[in-house]
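The values are calculated or read from the model by the stated rules, or taken from the named source; none is laboratory data. Keep in mind that this is a model prediction, so the values were computed, not measured. All Cβ positions, glycine included, derive from the backbone under ideal geometry; neighbour counts span all protein chains shown.
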Amino acid sequence: MDKRAASAGNFAGDIDWNDVRYALAVARGGSLVAAARLLGVDQTTVARRLRVLESCVGTPLFERLKGHFAPTPAGEALMERGGRIEREIAALRHFGSDNEGQVRGVVRLTAVGAMVSHYLARHLAELRGRHPGLAVELIASSRSLDLSRREADLAIRLARPQAGDFIVCRLASLAYGVYGSATAPPAEDGWDDCCWVAYEHSLAHVPEMRWLAERVADERILLRSNNMDALATAVADGLGLAVLPRLLGARHASLRCLSGEQPVLSREIWLVMPRELRHVPRIRAVGDWLVERFRADGDVFG
């Protein structure tokens, strides 16, 4: 190898991809501890691999500011290139199965927990009947998994992505109502004096929580959780009221909609597919089935 190419500060040197992977984890986690947790290693290993990479490229990749690791300009450049490499490597892992003509193999589908539990899981037998060689991994998560890194192949989301090279399709409109226990009286004078249950504070930005914050004082909220089924159970037991999707409320005999026929708000349901996967038979088959299934069941969500 040309010695100049391997000299400090020259990106043509012997950079180990695994070291770049560690740096990407530091950038995403913001600390050595968070990166170690993401990678399943100890903090010392992360620090050592980062030192090796910085020595190889001949410049610091992060600034240490009060325990937070912020990428330097060189770090930003390396993260951008490293992210592209990471996506390509993720795609290569699926190269063989992605290029088969048959609908077979595993498809990872992610959605919020209530959608997984109360809708998708109920219909997968139909999909399997069409494609016996297909296996589906359902990932219930309120976090938006990174489709570009193949954390999932398809996503059903309640907000349209604002960035990324995706094919996006509107599936349905998800209506919400105010629910209480089956024995709760209607709130004829509004909701001011009622007790409530709600999402925890990290989800305060979602439309149903913004709706609630505009109408109910924080001290009236007796329970917070990131699990919608837990909130529905608390409501059914009489702890308070909640803003819930009608999809969920209709399946609980112990819940009663107190807000009437019209929804208090609605959210759009979107199917998101990485553009690079649009011609992969198994991904396309699941995507087409989801569009068909949701459109046939439009009344279920409203």
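Answer yes if at least one residue in segment 213-230 is free of Cβ contacts under 8 Å to residues at least 60 places away in the same chain, acidic (Asp, Glu) and under 30 Å from residue 79 (Cβ atoms), and no otherwise. Scanning segment 213-230 turns up no residue that is free of Cβ contacts under 8 Å to residues at least 60 places away in the same chain, acidic (Asp, Glu) and under 30 Å from residue 79 (Cβ atoms).
Given the condition in the same structural domain as residue 140 (by TED's automatic domain parsing), without any contact (Cβ under 8 Å) to a residue 40 or more places away in the chain and either on the phi < 0 side of the Ramachandran plot or surrounded by fewer than 14 Cβ atoms within 10 Å (Cβ to Cβ) (or both), answer yes or no: does some residue in segment 178-186 qualify?
Going through segment 178-186, the residues in the same structural domain as residue 140 (by TED's automatic domain parsing) turn out to be 178-186.
With without any contact (Cβ under 8 Å) to a residue 40 or more places away in the chain added as a condition, the list becomes 185.
If we keep only those that are either on the phi < 0 side of the Ramachandran plot or surrounded by fewer than 14 Cβ atoms within 10 Å (Cβ to Cβ) (or both) as well, we get 185.
Taking every residue of segment 178-186 in turn, at least one turns out to be in the same structural domain as residue 140 (by TED's automatic domain parsing), without any contact (Cβ under 8 Å) to a residue 40 or more places away in the chain and either on the phi < 0 side of the Ramachandran plot or surrounded by fewer than 14 Cβ atoms within 10 Å (Cβ to Cβ) (or both).
Taking segment 234-288 as the search range and keeping residues that are closer than 26 Å to residue 160 by Cα and among the small types (Gly, Ala, Ser), which one is surrounded by the most Cβ atoms within 10 Å (Cβ to Cβ)? Result: 242. The set of residues from segment 55-102 being in contact with a helix residue (DSSP H, G or I) (Cβ under 6 Å, 6 or more places away or on another chain), more than 30 Å from residue 130 (Cβ to Cβ), modelled with pLDDT under 90 and aliphatic (A, V, I, L, M) comprises just one member, 79.
Please list, ordered by residue number, the strands (runs of 3 or more DSSP E) wholly in segment 147-252 having 3 or more residues that are touching a helix residue (DSSP H, G or I) at 6+ places or on another chain (Cβ under 6 Å) and of a type in the set (Ser, Thr, Tyr). Spell out the reasoning first.
Values: elements: 154-157, 166-181, 196-199, 221-225, 242-245.
In segment 147-252, 166-181 are the strands (runs of 3 or more DSSP E) which contain 3 or more residues that are touching a helix residue (DSSP H, G or I) at 6+ places or on another chain (Cβ under 6 Å) and of a type in the set (Ser, Thr, Tyr).
Taking the criterion of being surrounded by fewer than 11 Cβ atoms within 10 Å (Cβ to Cβ) and assigned to a loop (DSSP other than H, G, I, E, B), the only residue of segment 125-136 that qualifies is 132. Checking each residue in segment 215-230 for being surrounded by 15 or more Cβ atoms within 10 Å (Cβ to Cβ), over 21 Å from residue 110 (Cβ atoms) and out of contact with any Asp or Glu (no Cβ under 9 Å at 6 or more places or on another chain) picks out 221, 223. Mind listing just one residue for me: the one in segment 12-35 that is assigned to a loop (DSSP other than H, G, I, E, B) and touching a helix residue (DSSP H, G or I) at 6+ places or on another chain (Cβ under 6 Å) and, of those, modelled with the highest pLDDT? Once the filter is applied, the top-ranked residue is 15. With respect to the stated conditions, residue 105 fails to be of a type outside the set (Phe, Trp, Tyr), out of contact with any Phe, Trp or Tyr (no Cβ under 9 Å at 6 or more places or on another chain) and modelled with pLDDT under 80. For residue 184, all conditions in the list (1) modelled with pLDDT under 90; (2) within 20 Å of the chain's Cα centre (by Cα); (3) among the small types (Gly, Ala, Ser); (4) over 30 Å from residue 296 (Cβ atoms) hold save one; what is the number of the exception? Tallying (1) modelled with pLDDT under 90; (2) within 20 Å of the chain's Cα centre (by Cα); (3) among the small types (Gly, Ala, Ser); (4) over 30 Å from residue 296 (Cβ atoms), residue 184 fails exactly one: (2).
Scanning segment 253-268 for residues that are over 20 Å from residue 210 (Cβ atoms) and out of contact with any helix residue (DSSP H, G or I) (no Cβ under 8 Å at 6 or more places or on another chain) turns up 253, 256, 260, 261.
Being under 24 Å from the mean Cα position of the chain (by Cα) and among the basic types (Lys, Arg) is the filter here; which residues of segment 252-284 pass it? 267, 275, 278, 282, 284, listed by residue number.
Of all residue pairs spaced 6 or more apart or on separate chains, those with beta-carbon atoms under 7 Å, a first member in segment 137-161 that is surrounded by fewer than 16 Cβ atoms within 10 Å (Cβ to Cβ) and a second member that is among the aromatic types (Phe, Trp, Tyr) and at pLDDT 90 or above are 160/270. The set of residues from segment 31-64 being under 24 Å from the mean Cα position of the chain (by Cα) and not β-branched (Val, Ile, Thr) comprises 31, 32, 34, 35, 36, 37, 38, 39, 40.
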